[in-house]
Amino acid sequence: MHRTEGLGHVANKFDPGDPMVPRRPTKLDHTILNAMQEEIAQVIEAADIPLRTMAGDVTASYASQLLEAIEKLNPVKAACTVSSDGSENLSIIGASRNVASVALVPAGGNTPQRIRVTFTTPVPNPITASVDLVRHPSVLTLPAANLEVRPVLQEIATTHVDFFVMSDDSLARVGNRPWRYAVVMIGKL
């Protein structure tokens, strides 16, 4: 990519011109248009999406190809911050990506109480999930260093990810802790 070098540019930027000075507007130059076209086309083709032409296909959507390619190439398939208020109420705070809901899954048998993050759209080819404990605004410090948040990697599914908290080799009831968790799901193309 390069900045325009078309006749009438100002510091390599397009200029509308000024008839009072007089200064003509920047002339559109084929090199900058070709550079932009190729930069965009390479992103779309890198995602294995065929470039579409308008010729003969008036119903196709052309505006979505670049966005579709970026979504496909991004390895983060789901992300959110889960907040627990300490009374087993969970919520998603701030921005999230591809997350429909969070819920507490009760303990049962050999399975500890855990938090389930359910995806809006299934994640094909999930690779791994990471969950990090982050400071809750109502608590001045991070929880004790001996805590470990563990995704249940055996249970990573295309539709959800579960995680639980360990403390000194014992399981902590995740819903009874006023903590926040940053959850990221990584998938491949």
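Of the GluC sites (Glu not before Pro) in segment 68-124, the ones in a loop by DSSP (not H, G, I, E or B) with at most 14 other beta carbons within 10 Å are 88. Listed values for segment 64-74 are Karplus-derived 3J(HN,Hα) couplings in whole Hz (6.51 cos²θ - 1.76 cosθ + 1.60, θ = phi - 60°), namely 9, 4, 5, 4, 4, 5, 4, 4, 5, 7, 6, and x replaces Gly and Pro.
Mean sequence separation of contacting Cα pairs (under 8 Å, at least six apart), scaled by the length of segment 65-127, corresponds to a relative contact order of 24 percent. Listed values for segment 33-43 are Karplus-derived 3J(HN,Hα) couplings in whole Hz (6.51 cos²θ - 1.76 cosθ + 1.60, θ = phi - 60°), namely 5, 5, 4, 4, 4, 5, 4, 5, 4, 5, 5, and x replaces Gly and Pro. With θ taken as phi - 60° and the Karplus curve 6.51 cos²θ - 1.76 cosθ + 1.60 applied, the whole-hertz 3J(HN,Hα) list for segment 5-14 is 10, x, 3, x, 5, 10, 6, 6, 10, 5 Hz, x standing for glycine and proline. Under the convention that each Lys and Arg Cβ holds +1 and each Asp and Glu Cβ holds -1, the size of the dipole of segment 1-73 around its Cα centre is about 380 debye. Shape analysis of segment 1-73 places it in the prolate category; the axes a ≥ b ≥ c from the Cα gyration tensor give an a/c of at least 1.5, with a/b above b/c. Remark on residue 160: its backbone amide H falls under 5 Å from those of 119, a criterion applied only to residues 5 or more positions apart or on other chains, H modelled at 1.01 Å from N.
Read-outs throughout are calculated quantities, based only on the coordinates presented, and are distinct from any laboratory measurement. Fair warning: this is a prediction, and the values are worked out from it, not measured in the lab. Positions of Cβ are backbone-derived with ideal geometry, glycine not excepted, and every protein chain shown enters the neighbour counts.
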